[in-house]
1. Counting only residues that are assigned to a loop (DSSP other than H, G, I, E, B) and within 14 Å of the chain's Cα centre (by Cα), how many does the stretch 56-71 have?
2. Filter the stretch 4-27 for residues that are assigned to a loop (DSSP other than H, G, I, E, B) and either polar (S, T, N, Q) or modelled with pLDDT of 95 or more (or both); which is surrounded by the fewest Cβ atoms within 10 Å (Cβ to Cβ)?
3. What is the number of the single condition among (1) closer than 15 Å to Tyr10 by Cβ; (2) at pLDDT below 90; (3) surrounded by 15 or more Cβ atoms within 10 Å (Cβ to Cβ); (4) aliphatic (A, V, I, L, M) that Leu106 does not meet?
4. Of Gln13, Gln46, Gln27, which residue is over 9 Å from the mean Cα position of the chain (by Cα), touching a residue at least 12 places away in the same chain (Cβ under 8 Å) and closer than 17 Å to Gly61 by Cβ?
5. For the stretch 74-88, give me each residue that is closer than 21 Å to Ala107 by Cβ and in contact with a Phe, Trp or Tyr (Cβ under 7 Å, 6 or more places away or on another chain).
6. Kindly indicate which of Thr85, Thr74, Thr79 is touching a Leu at 6+ places or on another chain (Cβ under 8 Å) and at pLDDT 85 or above.
7. Checking Ala53 against (1) outside any strand (DSSP E or B); (2) modelled with pLDDT of 90 or more; (3) surrounded by 15 or more Cβ atoms within 10 Å (Cβ to Cβ); (4) of a type in the set (A, V, I, L, M, F, W, C), which single condition isn't satisfied?
8. Which of the numbered conditions does Ile95 fail, given that it passes all the others? Conditions: (1) at pLDDT 95 or above; (2) exposed (fewer than 15 other Cβ atoms within 10 Å of the Cβ).
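The values are calculated or read from the model by the stated rules, or taken from the named source; none is laboratory data. All values derive from a computational prediction rather than experimental measurement. So basically every Cβ, Gly included, is an ideal-geometry build from the backbone, and we count neighbours across all protein chains shown.
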Amino acid sequence: MTRSSLTIFYDAQCPLCNLEMQKLKDQDTAGLIILVDLHQADFEQQFPHVDRAQALKILYGEYQGEPLRAMDVTHRAWTLVGRGTLVAPLRWPIIRPLAHLVYLLLAKYRRPISHFLFTRFGLGLAVCDQGTCYEQTNHSNHRG
């Protein structure tokens, strides 16, 4: 990790979260974003300063040695990959608190929302857990 990189700690068991992180990494041609699965086996040993339970509740990241949370992580990430104009409204005084409230609601229910959208509409990337994958309803996306 470099001081100029953004480390994002994310829930890799969430199909929509996986999709968002994949889209982000596809845009990250400079390699400025490091993705860390909060569920990896040695997480506590690698990142003892990060509270996994809290990071699972609200998106957590670190940039230039400083912690970022929620929409601030999203804004920094998309700005680093050159898409800052798309997320600039997230920083505007009237939109910022509203966006944050919507984010908190979505974050709280991300698993059931993500599962529903994935199984019904194929939105998201498959999540594999102990050899079992949540597959798209057309069974064309097998992982594992």
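1. Count: 3.
2. Step one: filter the stretch 4-27 for residues assigned to a loop (DSSP other than H, G, I, E, B), giving 4-5, 11-14.
When the remaining residues are screened for being either polar (S, T, N, Q) or modelled with pLDDT of 95 or more (or both), the result is 4-5, 13.
Working: Ser4: 10, Ser5: 17, Gln13: 18.
By that ranking, first place goes to Ser4.
3. (3)
4. Details: Gln13 fails: closer than 17 Å to Gly61 by Cβ; Gln46 fails: touching a residue at least 12 places away in the same chain (Cβ under 8 Å).
Among Gln13, Gln46, Gln27, only Gln27 is over 9 Å from the mean Cα position of the chain (by Cα), touching a residue at least 12 places away in the same chain (Cβ under 8 Å) and closer than 17 Å to Gly61 by Cβ.
5. Those that are closer than 21 Å to Ala107 by Cβ and in contact with a Phe, Trp or Tyr (Cβ under 7 Å, 6 or more places away or on another chain): Arg76, Leu86, Val87.
6. One residue alone meets the criteria, Thr74.
7. Among (1) outside any strand (DSSP E or B); (2) modelled with pLDDT of 90 or more; (3) surrounded by 15 or more Cβ atoms within 10 Å (Cβ to Cβ); (4) of a type in the set (A, V, I, L, M, F, W, C), the lone unmet condition for Ala53 is (3).
8. Condition (1) is where Ile95 drops out.
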